[in-house]
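Working notes, beginning with the structure itself.
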Amino acid sequence: MRSYRVHLVAADRRRDPVTTSGLPTGVGTGVGSMPGADPRAAAAVVNGELDLAHLVELPGRGLGSDLIGRMAAILVDLPMDTATWGYRLAQRESQLTRRARDFLKEDLDVVEELWETAGFVGTGRPFKVQVAGPFTTSASVELPNGHRVLKDPGAVRDIVASTAEGLREHVGEVTRRLGARVVVQIDEPMIGRVIDGTVKPLTRFDPIRAIPAIEVARALTELIELLDVPVVLHDCSRPRWDLLEHLRGVAYSIDVTAPTDVDLDGIGMLIDRGDVLVAGRVPSTAPKHPVNADTVATGLAAITDRIGLNRKVLSESVVVTPTCGLAGASESWAEKALAVSAEAGQLLGADPTAL
C-alpha cells in the first residue's frame with residue numbers, strides 16, 4: 001500500500017493577514033478538485049501544503065462526487081437522482097443522495113482526523129468549502145420532465161433557497177468539527193451562459209430565457225447574506241464584470257494568466273472597492289516550462305503595475321490559486337501546484353514592493 005507523508009504546517013505558525021471581509025490574504029489555496037479517488041491522500045496534500053486548506057473534491061470517485069453530484073448531499077428538500085445525461089431532481093431520496101452524503105461524510109471525517117493530529121481543531125484556522133452555485137446547478141440539473149431547472153423560474157428560486165439552507169448546515173457542521181473560520185466558495189462556471197441565455201434547452205424550439213446580470217447578482221447577494229461568512233465566487237470561464245458590478249462584498253476567483261484590458265479594469269474596480277481577487281495564476285496541469293513561486297508572484301505584481309495600483313494591494317487583497325481545479329492533473333503536479341500557490345501567496349504577503 002502506498003504511504004502518504006502528512007506534512008501539516010505547525011499550529012503556531014504566524015497568523016495570516018485578514019481582509020475586512022474576513023478572507024485571509026498573503027496565502028495560496030486550491031480551487032477544489034484533486035486527482036485520484038483517495039480522500040485521505042488528497043486531504044493530506046491539501047492540508048499539508050496550504051495555510052488556507054480546502055475540502056477536497058474527487059470527481060474520480062464517480063457519480064455523487066463531482067461538482068454537481070455533491071449538491072445531492074447539500075440541497076435541502078430537493079432530492080436528486082441520476083438521469084440519462086447527468087442529474088435530475090427526484091421525488092424522494094435516492095441511492096445517489098445516499099452515495100453523495102457518504103462521500104461528503106468521509107471527506108469531513110478525514111479532515112477532522114488530520115486537524116486533530118496537527119492540533120488545529122478549535123484554533124480558528126481558516127478552511128474553505130466549495131459547492132456548485134445555484135445558477136450552475138439550475139443549468140446542469142434536469143426537472144422530472146427533462147427540461148433544465150433553469151427553464152422554470154420558480155424552480156430556480158427553490159434551488160437558490162435550498163442551496164442557502166444546505167450551505168448553512170454544511171458550514172455549521174464544518175465549524176463544529178474543526179473549530180475553523182469557514183470560507184465558502186461558490187462555483188459558477190456556467191453563470192455566463194445563464195446571463196447570455198445560451199444554456200442548451202431540451203429542444204431548439206423551447207429556448208431558455210436569459211437571466212439579467214442584475215437579477216443573478218440579487219439572488220447571489222441574498223444567499224451570501226444568509227451565510228454570514230466570507231464568500232468567494234469562482235468562475236473558470238470568461239470573467240463577468242457586468243455581474244461583479246452588482247455583486248459586492250465577495251471575493252472573485254478567476255484565471256488571470258492573460259488578462260484583457262477589460263479584465264484589468266474589472267480587477268481595478270474589485271480591489272478599489274475593498275474586495276479580494278483570488279488570482280488563478282498557477283497552471284492546473286503540468287506546464288511545458290518550469291513554474292515557480294517567484295515568477296507567479298512577479299506576474300501578479302506586473303498586473304497591478306499595469307492597472308496603476310499600489311503594490312501593497314498584493315498583500316492586502318490577493319490570494320493565489322491554480323487557474324482551475326486539479327482533477328485533470330497528475331498527483332505530482334497537483335501537489336506542486338498547491339505548493340507554488342502557497343509560496344507565491346507568502347511572497348505577496350511579505351514584501352510585494354521587492355518583487
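A compact table of results
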{"item": "Filtered residues of the stretch 67-123 (kept if in a helix (DSSP H, G or I) and within 14 Å of Glu142 (Cβ to Cβ))", "result": "Met71, Ala72, Leu96"}
{"item": "Residue identified as open to solvent by 20 Å² or more (accessible area, probe 1.4 Å) and modelled with pLDDT under 95 among Asp228, Asp242", "result": "Asp228"}
{"item": "Of residues in the stretch 69-106 being basic (Lys, Arg) and at pLDDT 95 or above, the one least open to solvent (accessible area, probe 1.4 Å)", "result": "Arg70"}
{"item": "Matching residues in the stretch 115-150 - criterion: being over 23 Å from Asp66 (Cα atoms) and in contact (Cβ under 8 Å) with a residue 40 or more places away in the chain", "result": "Trp115, Thr117, Ala118, Gly119, Phe120, Val121, Gly122, Thr123, Gly124, Arg125, Pro126"}
{"item": "Qualifying residue in the stretch 34-57 (condition: open to solvent by 60 Å² or more (accessible area, probe 1.4 Å) and at pLDDT below 95)", "result": "no"}
{"item": "Any hit, the stretch 267-276, residues being among the hydrophobic types (A, V, I, L, M, F, W, C) and in a strand (DSSP E or B)", "result": "no"}
{"item": "Selection count where residues are small (Gly, Ala, Ser) and either without any contact (Cβ under 8 Å) to a residue 12 or more places away in the chain or surrounded by fewer than 21 Cβ atoms within 10 Å (Cβ to Cβ) (or both), scope the stretch 245-256", "result": "1"}
{"item": "From the options Leu314, Leu300, residue that is under 29 Å from Glu225 (Cβ atoms), assigned to a helix (DSSP H, G or I) and modelled with pLDDT of 95 or more", "result": "Leu314"}
{"item": "Residue count, the stretch 178-209 (criterion: open to solvent by 30 Å² or more (accessible area, probe 1.4 Å) and either part of a helix (DSSP H, G or I) or among the charged types (D, E, K, R) (or both))", "result": "7"}
{"item": "Considering residues of the stretch 257-276 that are among the aliphatic types (A, V, I, L, M) and open to solvent by 10 Å² or more (accessible area, probe 1.4 Å) only, the residue farthest from Pro212 (Cα to Cα)", "result": "Ala258"}
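The values are calculated or read from the model by the stated rules, or taken from the named source; none is laboratory data. Treat the numbers as computed from the prediction; the structure is a model and nothing was measured. Every residue, glycine among them, receives a Cβ derived from its backbone with ideal geometry; neighbour counts consider all protein chains shown. Note: areas computed on protein heavy atoms with side chains; ligands, DNA, RNA excluded. Shrake-Rupley method; radii C 1.70, N 1.55, O 1.52, S 1.80 Å.
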